[in-house]
Amino acid sequence: TLGYLGCLALSRQLHLGLLAHALLALLVCLNGFITSHIGIGHTMFIGYFLLPWFVTFVLRREAGVPSGRWPLQLALVLFALALGGSVHLYVWCLIFMAFLALLGGSRRAAFGALGLALIVGAFRTVPAYLALATHYGRPFLAGFTTVEEMLSALVRVVPPAAAFSLRPTGGWWELDMY
């Protein structure tokens, strides 16, 4: 629902026609990549549905629509991203906001939104930083371990019952499902 409402707000912002709005809503709300991730329990992808709101608020500000609440609105969207566990999207949006603040026309508002987003998202980033700074010691266990494993993942279908026995560092679906 939030994704569709964001698409509706973005369509109004961009004055999109019915066909363009329908395509945008289908792309956002029924994206198979996202729904397959959510379907197997990767709940951090739920924040993806807030991206239309992020784009709407950024475009609203860049179009010159005056609003003193803009930094707070954008920070709340980014807070919701972080709160839902969508840390990658949160960081990517922060990077975009940093570029917007440096290169865009509304530097003061962009820096304000960026600062607020960093403050409200600190509950996710500070503990991660502290864990890394104290040499947490747990190895990162993602990705292909060999070239043979990568090539096998491209052509081999593995039943779910055998997925754990093939790869002790994580399920085989992490290699071939997506």
Response to the item:
Within the stretch 103-127, the residues that are among the small types (Gly, Ala, Ser), under 25 Å from ALA63 (Cβ atoms) and surrounded by 11 or more Cβ atoms within 10 Å (Cβ to Cβ) are GLY104, SER106, ALA109, ALA110, GLY112, ALA113, GLY115, ALA117
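Okay, residues lined up against (1) within 18 Å of ALA110 (Cβ to Cβ); (2) of a type in the set (D, E, K, R); (3) open to solvent by 50 Å² or more (accessible area, probe 1.4 Å):
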residue	(1), (2), (3)
LEU5	no, no, yes
CYS29	no, no, no
GLY32	no, no, no
ILE38	no, no, yes
TYR48	no, no, no
GLY64	yes, no, yes
ARG69	yes, yes, yes
LEU72	yes, no, yes
Worksheet item: Among the residues of the stretch 86-121, which ones are assigned to a helix (DSSP H, G or I), farther than 20 Å from PRO52 by Cα and among the small types (Gly, Ala, Ser)?
Response: GLY112, GLY115
Practice prompt. At least 2 residues that are among the polar types (S, T, N, Q) and farther than 19 Å from LEU81 by Cβ in each: list the helices (runs of 4 or more DSSP H) lying fully within the stretch 1-43 that qualify.
Written response: 2-14
Discussion item. When the residues of the stretch 22-60 are narrowed to those that are of a type in the set (Gly, Ala, Ser) and over 16 Å from the mean Cα position of the chain (by Cα), which ends up farthest from LEU8 (Cα to Cα)?
Written reply: GLY39
Discussion item. Scan the stretch 160-171 and tell me whether some residue there is among the basic types (Lys, Arg), farther than 30 Å from LEU72 by Cβ, at pLDDT below 70 and out of contact with any strand residue (DSSP E or B) (no Cβ under 6 Å at 6 or more places or on another chain).
Written reply: yes
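The values are calculated or read from the model by the stated rules, or taken from the named source; none is laboratory data. Predicted model only: the values in this text are computed from it and were never measured. Positions of Cβ are generated from backbone atoms using ideal geometry, with glycine treated the same way; all protein chains shown enter the neighbour counts. Please note that ligands, DNA and RNA were not included when accessible areas were found on the heavy atoms of the full protein model with its side chains. Shrake-Rupley method; radii C 1.70, N 1.55, O 1.52, S 1.80 Å.
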